[in-house]
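Single-structure report; data block below.
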Amino acid sequence: MASQGKKLINHPSDVVIEYIEGLVASYPSLQFLDGFPQIKVVLQANISPSTFDKVAVISGGGAGHEPAHAGYVGTGMLTAAVSGDVFASPPVDSILAAIRAVTGPKGCVLIVTNYTGDRLNFGLAVEQAKSEGYSVEMVIVGDDCALPPCRGIIGRRGLAGTVLVNKVAGATAAAGLSLTEVAAAAKHAAEFVGTMGVALSVCTLPGQPTSGRLGTEKMELGLGIHGEPGVAVVDLQPVDLVVSHVLNQILSAETGYVPITRGSNVVLMINGLGGTPLMELMIAARKAIRELQGVHGFAVDRVYTGSFMTSLDMAGFSITLMKSEPAILECLDAPTKAPCWPIGTEGGRPPVKVPRPLLPSSSSRNSEIVSRPQELTKFGCILEAAIEAAAKESVNTKDCSKEWETKVGDGDYITTMKRGAAAIIEDMKLCYPLNDTAETLNEMSRTIRRVMGGTSGILYAILCKAAYTSLKGHSQPTAREWANALAASIDAVSKYSGAHAGNCTMLDALIPASNTLNERLDAGDDPVTAFVTSAEAAMIGAESNKFLQTQAGRSAFTSPDLLVSVPDPGAMVIALWYRAAAFSVASKFKP
């Protein structure tokens, strides 16, 4: 049985009204149509039909697509926006109220997405407004390119391309053009635009259960903005492949939806559907720009990346292409006070490839190329085996540590460790001078700095660098020199992090290991036995911190109730790879 989706709302029936109230309270340039709170109309503040000397531009549709359409109300874009309930066309009375509130002598253009309910409701409102003496034109936008050309009368769905058409219409109206000219510019823009969407999840309506239509490893191609099923459900794919597929579909000669041919100039919009991080949208934009320029031979005049027409909380994005012309670019670049039109895009960017600057080389790095010896000494073989065992253990801790990281971290620690360990294994095959312990630790520090981010990465780099400094000049250190290097590493981590024993950090494993190693060596144990015994102490220390009050690291920001019986992931991973290294060394000395 599907669970009800979690929403930060009061009551499902109030979400649209309360959204509009919040919007107009946030932007003084907007107002809620006075006297019609149930009608859900947002318009430019201080508009008076008797004195308004421009063509009014109105758009709208069902709610749930924010910031469309109310977020685009402002001088230079929409004069008013009409909203229905979530995913429901606005009623005729609402549309009429908007027309009457903003339409002056120059008339009004309605920009309508191609859905049956919108066409009928806006169409009837147009006829009623005309009967009252208003000059009104309606422009339908159908930019969906997911399906082959429709044989019926329905046509293509209206998607995110509508936002670009709104901008063109608003700019031409603000420039003082006539009703006929504004409507013609909007229709021309609508003929030049194509869109296709992909989704990783289905949106959840307020008060409704979460849909389980898409599994965790599936994605949907060509879906609509109301959660309706797409063209196909396929296995989850890398975003570069998805972007290529979508662009090919929009530009397909078979559909013939968009009159864009090789050598054309285009405008690109990467639109988030409500639940997609900007990081992912930018990754899609990166691929789309390269594909359009390099594969299709287009000049990309403008790029808009963000959430422009959403589908509540749907995870996914749509790509919109519009054929670019000087008149269209002039309209897109024209100033507007609409609060949700992206700023900083005027003028675009020339579609030239700028070479990446080269990073300056480090003056402190040895000019010699460090490489793996052709033959390893016995000591080098033991060191290689210990590093490999420790790294593999770090990779394998991912599953067993899920509970620790879920409760005390934010999901990145184990992933970071896995990435660092994998890089160490790869670099060891090529560039670790394994016959020299100190230099090997120095190279490990470089590997870690290169691939491991966050706090864990820098702490491990400090560990290796401090050990290198302690062992520098000792290619095959004695057990006591190893113990001194471990102590130096602990001192360095404590110095820079401010952590000490009992703070629920990696030191809760390292400090017992260091103390035990020195104690066993002082007692006359052979080095291998002392190493294994110190590994046992590391594990005991790591497990014991589950009963301590966290004072450092991310755990310090987590409720103590959530940390009951949960060890610190940093300490546990240290203990696990330390033990793996110790067992690996011990296996080399078995009789």
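Here are some notes:
- Boolean, G306 is in the same structural domain as S26 (by TED's automatic domain parsing), modelled with pLDDT under 95 and not polar (S, T, N, Q): no
- Test: residue in the stretch 275-298 that is part of a strand (DSSP E or B) and either under 30 Å from T204 (Cβ atoms) or at pLDDT 95 or above (or both): no
Residue-by-condition table, conditions (1) within 26 Å of T505 (Cβ to Cβ); (2) buried (at least 23 other Cβ atoms within 10 Å of the Cβ):
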residue	(1), (2)
E426	no, no
K429	no, no
Y432	no, yes
E439	no, no
S445	yes, no
I448	yes, yes
G457	yes, no
Y460	yes, yes
Y468	yes, no
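- Pair list, Cβ < 9 Å and 6+ apart or interchain, from the stretch 231-254 residues that are within 18 Å of R213 (Cα to Cα) to residues that are of a type in the set (S, T, Y) and not in a strand (DSSP E or B): L236/T216
- Any hit, the stretch 77-90, residues being in contact with a Lys or Arg (Cβ under 6 Å, 6 or more places away or on another chain), assigned by TED's automatic domain parsing to the domain that holds G170 and part of a strand (DSSP E or B): yes
- Any pair with Cβ under 6 angstrom, 6 or more apart, that starts in the stretch 168-192 at a residue that is closer than 14 Å to S324 by Cα and ends at one that is of a type in the set (K, R): F192/K323
- From the list I328, I319, the lone residue that is buried (at least 22 other Cβ atoms within 10 Å of the Cβ) and assigned to a helix (DSSP H, G or I) is I328.
- Listed by first and then second residue, the pairs with beta-carbon distance under 9 Å, at least 6 apart or on different chains, first residue in the stretch 114-137 and more than 14 Å from A56 (Cβ to Cβ), second acidic (D, E) and modelled with pLDDT of 90 or more, are N114/D143; N114/D144.
- Elements of type strands (runs of 3 or more DSSP E) in the stretch 125-225, at least 2 residues being under 30 Å from D53 (Cβ atoms): 136-141
- Top-ranked residue in the stretch 246-300 [being over 24 Å from G142 (Cα atoms) and charged (D, E, K, R); ranked as surrounded by the most Cβ atoms within 10 Å (Cβ to Cβ)]: K287
- Options V109, V86: the member that is closer than 22 Å to L223 by Cβ, β-branched (V, I, T) and in contact with a strand residue (DSSP E or B) (Cβ under 7 Å, 6 or more places away or on another chain): V86
- Filter pass, V564 being buried (at least 18 other Cβ atoms within 10 Å of the Cβ), of a type in the set (V, I, T) and at pLDDT below 95: no
- The residues listed here are I490, I540; of these, the one that is farther than 28 Å from C381 by Cα, assigned to a helix (DSSP H, G or I) and at pLDDT 90 or above is I540.
- Subset of the stretch 358-388 [at pLDDT 60 or above, assigned to a loop (DSSP other than H, G, I, E, B) and not charged (D, E, K, R)]: L358, I369, V370, S371, P373, Q374, L376, T377
- Of all residues making up the stretch 102-124, the number that are part of a strand (DSSP E or B) and closer than 19 Å to D53 by Cα: 3
- Output for the stretch 20-50, where each listed residue is surrounded by 15 or more Cβ atoms within 10 Å (Cβ to Cβ) and under 14 Å from P90 (Cβ atoms): I20, L33, I39, K40, V41, V42, L43
- Any chance T204 is β-branched (V, I, T) and either surrounded by fewer than 16 Cβ atoms within 10 Å (Cβ to Cβ) or closer than 21 Å to P342 by Cβ (or both): no
- Boolean, L312 is crowded, with 22+ Cβ neighbours inside 10 Å, farther than 24 Å from C340 by Cα and in the same structural domain as G117 (by TED's automatic domain parsing): no
- Among residues of the stretch 526-546 being over 14 Å from A571 (Cβ atoms) and among the acidic types (D, E), the one that is surrounded by the fewest Cβ atoms within 10 Å (Cβ to Cβ) is D526.
- Taking the stretch 214-245 as the range and being out of contact with any strand residue (DSSP E or B) (no Cβ under 8 Å at 6 or more places or on another chain) and either of a type in the set (V, I, T) or surrounded by 14 or more Cβ atoms within 10 Å (Cβ to Cβ) (or both) as the test, the residues that pass are T216, V239, D240, S244.
- Every residue from the stretch 67-118 that is at pLDDT below 95, among the hydrophobic types (A, V, I, L, M, F, W, C) and either closer than 23 Å to C331 by Cα or under 34 Å from the mean Cα position of the chain (by Cα) (or both): V86, F87, A88
The values are calculated or read from the model by the stated rules, or taken from the named source; none is laboratory data. Please read all numbers here as calculations on a predicted model, not as lab measurements. For neighbour counting, all protein chains shown are included, and Cβ atoms are generated from backbone atoms with ideal geometry for every residue, glycine included.
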